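**Q** Below: one structure in structure tokens.
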Amino acid sequence: MSAAIRVVLTDDHAVVRSGVRRLLEQYDGIEVVAEACNGEQAYQKYIDHQPDVLIMDMSMPGLGGLEAMRRILVRERSAKIIIFSMHENAVFATQSLSAGAVAYVAKSADADDLVKAIRAVAAGKNYISAVMAQRIAL
């Protein structure tokens, strides 16, 4: 059996982190190794844990998701970052992907969308949920 995909989960809402952790723990091959509540913490947890995938909320107080992602990518070009956001606007998705995210998943997407994104990104692919891909295309 292959090693589990190691994930760091970043969201400023503890309830969201808890729910996403519980969701991910139901799937074989995914392990949440750390959680962060803001961009500064996400940067530090990324450095400390060197996860396979970093899930990052876009809108957080203090250092936001995009700026934290930029800083991580300056230090670690190969970082695989999924933006997990409440924003369903194509502008936010394209902005995230242009800034270096390898996936964009809306929080309103199906639960298994995030799991598909994690697996795709860990395998070196990009991922955009179907709903977001359609909005970007339009």
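The values are calculated or read from the model by the stated rules, or taken from the named source; none is laboratory data. Predicted model, so just to flag it, every value in this text is computed and none were measured. With ideal geometry, Cβ positions are generated from the backbone for all residues, glycine too; neighbour counts draw on all protein chains shown. In case anyone asks, the SASA skips ligands and DNA or RNA and just uses the protein heavy atoms, side chains included. Shrake-Rupley method; radii C 1.70, N 1.55, O 1.52, S 1.80 Å.
**Q** I'd like to verify a number: residues in the range 52-75 that are under 23 Å from residue 125 (Cβ atoms), among the charged types (D, E, K, R) and in contact with a helix residue (DSSP H, G or I) (Cβ under 7 Å, 6 or more places away or on another chain), how many?
**A** 2
**Q** Condition check: touching a Leu at 6+ places or on another chain (Cβ under 6 Å), modelled with pLDDT under 95, open to solvent by less than 20 Å² (accessible area, probe 1.4 Å) and of a type outside the set (D, E, K, R). Does residue 32 satisfy that?
**A** no
**Q** May I pose another question? Considering the range 120-133 alone, what residues qualify as being surrounded by fewer than 17 Cβ atoms within 10 Å (Cβ to Cβ) and under 24 Å from residue 71 (Cα atoms)?
**A** 123, 124, 125, 126 - these are the residues of the range 120-133 that are surrounded by fewer than 17 Cβ atoms within 10 Å (Cβ to Cβ) and under 24 Å from residue 71 (Cα atoms).
**Q** Among (1) aliphatic (A, V, I, L, M); (2) farther than 26 Å from residue 25 by Cα; (3) open to solvent by 20 Å² or more (accessible area, probe 1.4 Å), which single condition is residue 73 missing?
**A** (3)
**Q** Are any of the residues in the range 117-134 farther than 26 Å from residue 26 by Cβ and touching a residue at least 24 places away in the same chain (Cβ under 8 Å)?
**A** no
**Q** Identify the residue in the range 1-22 that is closer than 19 Å to residue 122 by Cβ and part of a loop (DSSP other than H, G, I, E, B) and, among all such residues, is least open to solvent (accessible area, probe 1.4 Å).
**A** 4
Residue by residue, here is whether (1) more than 21 Å from residue 108 (Cα to Cα); (2) in contact with a Pro (Cβ under 8 Å, 6 or more places away or on another chain); (3) not basic (Lys, Arg) holds:
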residue: 12; (1), (2), (3): no, yes, yes
residue: 33; (1), (2), (3): yes, yes, yes
residue: 38; (1), (2), (3): no, yes, yes
residue: 50; (1), (2), (3): yes, no, yes
residue: 56; (1), (2), (3): no, no, yes
